[in-house]
Amino acid sequence: MMWRPEPGVFAPDDLDGLIWFYDMHGYATVRGLIEEDQLALIEAECVHAQNRVIAGELDERHGSTVFLDEAAKAERFANYVEYVNEVSPAVASAVTDPTLAAIMVALLGPDCWLRAHEQFGVVYQDARPGRESGYTRIGWHSDWQASPSLDIWPSTAFTIHIDGTSPANGFLRVVPGSHLWATPAPYRNVNGAVVPDGARAAGGRTTRTPPFAMPLSFEKVRGEVAVYAEPGDIILHDAYLWHSAARATNDTQRRRHVRGGYFGGARQPAGVAEFIKNAAR
């Protein structure tokens, strides 16, 4: 029997185990795919891109204030670098790694695609707290709720963790199995944009009604678990999974990762992604 350091954590070659756990719980962690030297290069290139955003040396499309609690702080610090895959060869290589791509095909089907140049592309996130940061945490949501009117679903999100996570620097909270519920669409998406007419009323891997309503912010949820990461881990989670981010308890700690998604539905027509992005600002 293959030894694993903790539940839900899988070696890159344990595809059967990963799929079994992911299908049941809606998330899984891949450990060992990103080597130490590759992670160091990802970190260096992302920090360099972040500094270039702050200095105004990159096109404004690489900066973001959409998810910030205090957007004014973006003038002094960059919590996000959008389309980081376009300015970091190490990130571009990691998110298209053949093993990661094979996992996505197994989860989403042979026609799945990486959102590399649409909407936000692949994003570098520096989720540190502190005075300079405009980010603290994000409340309960499913990724599907951001765009319930699009046919891009299903989807699997990935986060490549540059730093390990803990209560000190923040961590992922998930409700295992919630991807199997048909979660109602909100009146507004997670960016605050009004959900357009024609959006699906609910989204999930089944039509089963959730046993309780999704909380509006950061409340404790029955059955939730903490998902911690080691440096180099890749956490995968389903677009229908209920999840949130816990705020760091130590303002001197860093929590940085690269995030993006593969999609199993239709690609967005040219211009639609940019329209949605601008509407959310």
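Where a number appears in this text, it was derived from the coordinates with a stated rule and is not lab data. Because the structure is predicted, anything quoted here is derived from the model rather than measured.
With θ taken as phi - 60° and the coefficients 6.51, -1.76 and 1.60, list the Karplus ³J(HN,Hα) couplings across segment 175-180 in order, rounded to whole Hz; mark glycine and proline as x.
10, x, x, 5, 5, 7
Between LEU216 and GLU60, what length comes free when the chain is fully extended (0.36 nm per residue of separation minus the Cα-Cα distance, one decimal in nm)?
Taking LEU216 through GLU60 to full extension adds about 53.0 nm, to one decimal.
State the extension gain, in nm to one decimal, for the chain segment bounded by THR206 and VAL225, taking 0.36 nm per residue of separation less the distance between their alpha-carbons.
4.7 nm
Between THR249 and ALA116, what is 0.36 nm times their sequence separation minus the Cα-Cα distance? Round to one decimal in nm.
Gain on stretching THR249 to ALA116: 44.6 nm.
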